[in-house]
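The block underneath contains the structure these notes are about, expressed in structure tokens.
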Amino acid sequence: MSKAHFGLIGLGVMGENLVLNAERNGFSSVVYNRTFSKTQEFLNGRGANKKIEGAVDLQDFVDKLDRPRRILMMIKAGPAIDAVIDQISPYLQAGDLLIDGGNSEFRDTERRVAKLESKSFGYIGMGVSGGAKGAFDGPSMMPGGTKASYEAIENLVCKMAAQVDDGPCVTYIGPGGSGHFVKTVHNGIEYAIEQILAEAYDLMKRVAGMDGNEMANVFSSWNSTEELSSYLVEITEVCLRTKDPDDKSDLVEKIMDKAGQKGTGLWTVVSALELGASVPTIYSSLNARVISSMKTQRVKAESILNGPALKTFDMGDPSNGMPILMDAVIAASMASYAQGMDLLRIASDEYKYNLDMHSIAQIWKGGCIIRARLLKRIQDAFNADPKLLNLLLDPWFAGQINSRMSGLAKIVSGAAEAGIPVPCLSSTLDYINSYRTSRLPQNLVQAMRDCFGSHTYERVDKDGSFHTEWLE
Ligand code: 6PG
């Protein structure tokens, strides 16, 4: 019997969909799951009548694969990955390849690439984005590892990926853990945009008193614009239109206001802090999830801490897409991409990833959660200047920000006066105002540091390092 082209370990929802995707694209497959009953269930169900066979154990799995073996692991990030690597390694031969398609921490991937490559196996850490549907239809994929290892899977992943006007949504990202690093930052941007849209929803509901359908109509109109047309805006409309089958009221209002997280947003922020990258909009979205989880405390604090009375303010006519609010959402979304790209640029230098920002924008145009029409503009910006320091300095983005700052400021000040938190919108306003200010008040911070700790300071009028005895 001929051997299979592709192996998958882990029949969770993502694994199932990815193997069906591979098989549909002409790669006969073999699947292994820790519990064989799950494998049987899959082969008798969605995997039936396809070129997919099951394996009872890892030896059987490896034996059924063509060489070099290409094995995708879709299992929980963390120690489970190391355990599977240890279990399967004795059956592998030089040149065989393991791919981790989960959301692994990029440093874990660095370590695993070094370990496996030193044993002459290939190891790819590959971010996969698009959720269950994307995995089946075609996700965006961010593979990192050695170039030789990538070349061994190139044909497979190029066929499996989402396809856009200029090619598949996959490319070689770079060495080591770079694929998982780029996926982590993708998720940081994902967190920020989700929170920005949630803030817009909160303002529409509480300030403008709109119901689910009215809000959905505004999101629908935003989704038809070049600046906001995106998967996340599209699903926001769907979420707001969906009714509770029990009483036909807006389902979203029945959902507990506590947001979970699995780690990637946190890792984005930790990496940014470590690397000295400024990502306040992304950080604010993470913090918004943290504070949202303190439900009991928030309920208590509501009766103790006073704020201004809720008051309305002008966010623009809903029948015209609430243009003032839209300005704020556009500016914050652009800032989120700018901060994420900036973090990638800094990490690329520090970790020697040699990231190609233009290609990263290209592979995010389809399949992934942050896909958006705006990515074409991001691609163009890095095409025009591959070393662009900040996306907001690109002429098209600068024009957009300049024309939308007043709307952003109106929304943030209106929200402040109405006592409504808008952490991503307000941190974006401060981010842009700080970034465009050539003289910030950190001269005073430097003076204080030197005053109490002799930390020294630089001067604007002469070179050198200076210290003053401030308290004499
Ligand atoms: C994707 C997503 C996905 C991620 C979830 C959960 O690109 O398909 O980023 O990989 O796991 O969105 O993220 P949180 O649970 O941390 O929100």
Notebook entry, point to check: Given the C-alpha centroids of segment 239-308 and segment 1-35, what is the distance between them in whole angstrom?
Noted result: 36
Notebook entry, point to check: Once all Cα-Cα distances of segment 6-176 are split into 5 Å bins that start at 0, what whole-number percent is in each one?
Noted result: 2, 9, 20, 24, 23, 16, 6, 2, 0
Check: According to the Kirkwood expression over distinct Cα-Cα pairs, how big is the hydrodynamic radius of the chain, in Å?
Finding: 24.3
Check: Considering segment 183-435, what Rg and Dmax in Å follow from its alpha-carbon atoms?
Finding: 18.0, 56
Next item on the list: For a quick protection proxy, order the peptides 99-109, 151-161 by their average other-Cβ count within 10 Å, most packed first.
Entry: 99-109, 151-161
Margin query: So if I take the centroid of the Cα atoms in segment 140-209 and the same for segment 365-430, what is the distance between those two points in Å?
Written below: 18
Next item on the list: Given a cut-off of 20 Å, name the pairs among 205/243; 205/254; 133/248 whose C-alpha atoms lie farther apart than that in the structure shown.
Entry: 133/248
Item checked: residue 235-residue 67 pseudo-label distance in nm [points 7 Å out on the Cα-to-Cβ vector] -> 4.2
Check: Given labels modelled 7 Å from the Cα in the Cβ direction, how far is it in nm from residue 440 to residue 242?
Finding: 4.0
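Could you tell me which chymotrypsin sites (Phe, Trp or Tyr not before Pro) in segment 407-472 are loop residues by DSSP with no more than 15 other beta carbons within 10 angstrom of their beta carbon?
Working: sites: 431, 435, 452, 457, 466, 470; in loops: 470.
When the chymotrypsin sites (Phe, Trp or Tyr not before Pro) of segment 407-472 are filtered for loop state and at most 15 Cβ neighbours within 10 Å, 470 remain.
How much length is gained on full extension from residue 40 to residue 393, taking 0.36 nm per residue of separation minus their Cα-Cα distance?
So the extension gain works out to 121.6 nm.
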Notebook entry, point to check: Based on the Kirkwood radius over alpha-carbon pairs, what value in µm²/s does the Stokes-Einstein equation return for the translational diffusion coefficient of segment 1-92 at 25 °C and 0.890 mPa s?
Noted result: 189
Checklist line | Kirkwood-type radius of segment 1-55, with distances r between different C-alpha atoms, in Å | finding: 10.8
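Scan segment 188-239 for GluC sites (Glu not before Pro) in coil per DSSP, keeping those whose Cβ has at most 15 other Cβ atoms within 10 Å, and list them by number. Kindly include the intermediate steps, with their values, before the conclusion.
Values: sites: 190, 194, 199, 214, 226, 227, 234, 237; in loops: 226, 227.
Listed in order of number, the matching sites are 226.
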Notebook entry, point to check: How large is log10 I(q)/I(0) at q = 0.16 Å⁻¹ when the Debye formula is applied to the Cα atoms of segment 168-324, each weighted equally and without solvent?
Noted result: -1.11
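Per residue, how big is the convex hull around the C-alpha atoms of segment 181-233? Give it to me in cubic angstrom, could you?
Values: hull volume 3.9 nm³, N = 53.
Per residue, the Cα convex hull of segment 181-233 comes to 74 Å³.
Taking every DSSP beta bridge that has both residues in the chain, what percent is antiparallel when rounded to the nearest 5? Could the numbers behind the result be given before it?
Numbers: 10 of 31 bridges.
The antiparallel fraction comes to roughly 30 percent.
FYI, it's all coordinate maths here, none of it is from the lab. Predicted model only: the values in this text are computed from it and were never measured. Neighbour counts run over all protein chains shown; Cβ positions are idealised from the backbone, glycine included.
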